[in-house]
Structure formats: C-alpha cells, structure tokens
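Where a number appears in this text, it was derived from the coordinates with a stated rule and is not lab data. Worth saying up front: this structure is predicted, and the values here are computed from it rather than measured. For neighbour counting, all protein chains shown are included, and Cβ atoms are generated from backbone atoms with ideal geometry for every residue, glycine included.
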Ligand code: SF4
C-alpha cells in the first residue's frame, strides 16, 4: 500500500473519520435557529468509502455501554445511560411507559350509588387509583374469563353518609361537612381488599391503594355507595391506568464550549454568566468557564445573535442519555427500570428466535428444492436408461 492510498489530501488516515464528520456522527449541533443533523447516522455502511465500519460491534458496545445512577429513592430514579444509540434509549423509555405490567381496577360492579356522581365517573376514578401490589404473581385476565385469585384482586367500597349529631345539626348549619356528617367524603383509603382462597402469597403485604387520600366522591345524609371492584393485570399500552410511571423521559447530555476563551473575559464574561438562566457559567480569574453543562436546558440564549454564536458552541452528545423515571408508587422506580430491561431483553430474544426460524425455514425450503432437483435428475436418468434398453 502506498502513501497515496493511506493518507487522503486532508491528512486524515484511511479508517478514521475527519474531525468534522466524527463530530457530526457523535454530536447533535444546536444553533439559535435550528438543530443540526438531529437524525444521526446509523447505517453500518455509511462511511465505507472512507474505510470506516459504522456497524454495531458487540465487544465495543460491551466496553463502552454503562449506566451511572445519579439519584435513587423509592419513587425517583435518575441515571445516565452511556454508549447506546437513541433507538435503544427510546425503546427503554417507551417500555417503561407502556409495557411494564401493573394491577389496576378494571371492572366495577355497582350495587348502589345514590351519590351525585354518575356510575361511570366513579368507575373511571377507581380505575385511576394506583394500587400497591406486586403484579408478578398474577396472570393476565382475558375478556370472558372468570375472575379468580390468580388473575385478579377484589376490593369493596361501601359507605353511607349520615348526620354525626342530629340534635346539634341545625345549630351548626354553617359548620364544614366533615364536622356535620359521617362519610361526607369518600377517599381511596375506603377500598378494602377481599382475599380470595386461591390468591397468591404477596409476601405478607395486603394490597391497597398507594395513596389513601384520593377523593372519589362526596356524600350527604341519606346517600350511599356500595361497589365491588376487580383489579386485573395490564400494561399502559392498553390503558394509561396500568402505566407504572408518572413520567419517564431522557435528554441527551448537553455540551457547552466556549470557542474563544480569550474573547470571553472581564465584562464580557460577566455578561455571559448573567444571561444564562441555569447559571452554567462561572467566572474564574476574570474569564468565563463552563462549570455546570448538565444543567443547560438548551434555551439558546448564549448563542443568540452572530456575536455570541461566535463565542459559544452548543451541542448534545448523541450516545449519552440523562434518564429521569418517576414511579406512581406501585413499584419502586428502580424496579420499573429493571422490569423494562427484562421486557426489552425478551423482545430481543423473540426477534432472534423469529430470525432463526426464518433462516431454518429458508434452509429447509432449500433442502426440499435440492431433493426435488435430485429426484427429477434420477427420474430423468432412469427414463433415459429405459429408452436405451428399449
Ligand atoms: S443554552 Fe441557555 S441554559 Fe444552556 S448554557 Fe446557554 S444560556 Fe445557559
């Protein structure tokens, strides 16, 4: 191989992308007016003419992919997912929102409802109550199937309103309803779990609403409600009430660069620091420095106008995602992420199996074709032999 072949005119060796192309491959540019190259380049052969293989390399992926947890408590999980492409990060986000199963009230049998709330409205509100129960031991319920302890949870809601003290009611006519009446407000805490004989063991935890103070209806003396609620296992794709998260989102890691540090000094540096609403810039020895790039919300104030745009550069890193997951309380936020990863792995296994089956079928068809051709050849040879004998 000659020098002419190994080194291109811009001095970038073959097999290495020029800086600008590498930057476009790994970063999304942000200017005041537009987002530059947001779609990315995922085609494995995109840079083949430059001798660069852009396909996913499993060993590289295993080396670069990592998760860094930045905040973890019962209801919130924040983590950095590094070294993966946007489709994978987005698949994880979508699975967390809509494919991790939970339990939610699906059927409501109304024996009595004399409140001012319509039956449908109360049933809808009951469905939206997050239930604190591990869904894993339950089987999904199918339409038409009988409810039992293995595919459902049963709750009762029974309450009637009456005067707390009939003798003083008139005297306290302007007192708040809670003072005058018993059961003037029905909250989610009034739901009581009814254990079935074949209910799975739930580690000694009695299923109940995550929050006891969700208002379902208001009653006045003489009004009552008596309902039976059945919770089943489902996923958010079917109805949002089964979604285990209030929100699950990500943003790409912001990168803020001061292009001309020499020009951003003194009053100019202070001006830049003050105009940033997120206080991303600090002043060190009279010059502006990027101190907290993760806090950048890409408001683009620091690149407004050609003068500022020459000094500051905004980008987002294409393979670094800042995830925030907020659980509804049914399961810990960490469990939501782990369950979603499990679903993603299952999907990959399903695709792999489908591909294997397709290849096997194709090979099988190929074998049949070969056998058929062999049979035809043998028949033809036998025919020729018979003709010769004749
Ligand atoms: S884009 Fe907005 S938040 Fe980000 S560094 Fe510039 S001014 Fe600050």
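Of 79, 61, 155, the sequence from fewest to most neighbouring Cβ atoms within 10 angstrom is 61, 79, 155. Viscosity 1.002 mPa s, temperature 20 °C: give me the Stokes-Einstein translational D for region 175-217 in µm²/s, with Rh taken as the Kirkwood radius over C-alpha pairs. My calculation gives 169 µm²/s for D.
Could you work out the relative contact order of the chain, using alpha carbon pairs under 8 angstrom and six or more residues apart, expressed as a whole percent? So the answer I get is 22 percent.
If you take the alpha carbon atoms of the chain and fit the smallest convex hull around them, that volume is 326 Å³ per residue.
Here the residues 315, 310, ranked from fewest to most Cβ neighbours within 10 Å of their Cβ, fall in the order 310, 315.
Highest average first, the peptides 250-258, 348-356, 85-93 ordered by how many other beta carbon atoms sit within 10 Å of their residues are 250-258, 85-93, 348-356.
Residues 299, 229, ranked from the fewest to the most other C-beta atoms within 10 Å, line up as 299, 229. Take every Cα pair under 8 Å whose residues are at least 6 apart in sequence, average their separation, divide by the length of region 102-242, and the relative contact order is 44 percent.
Its relative contact order, with pairs defined as Cα atoms under 8 Å and 6+ residues apart, puts region 260-310 at 31 percent.
Separation of region 181-253 and region 93-149, taken as the distance between their Cα centroids, equals 8 angstrom.
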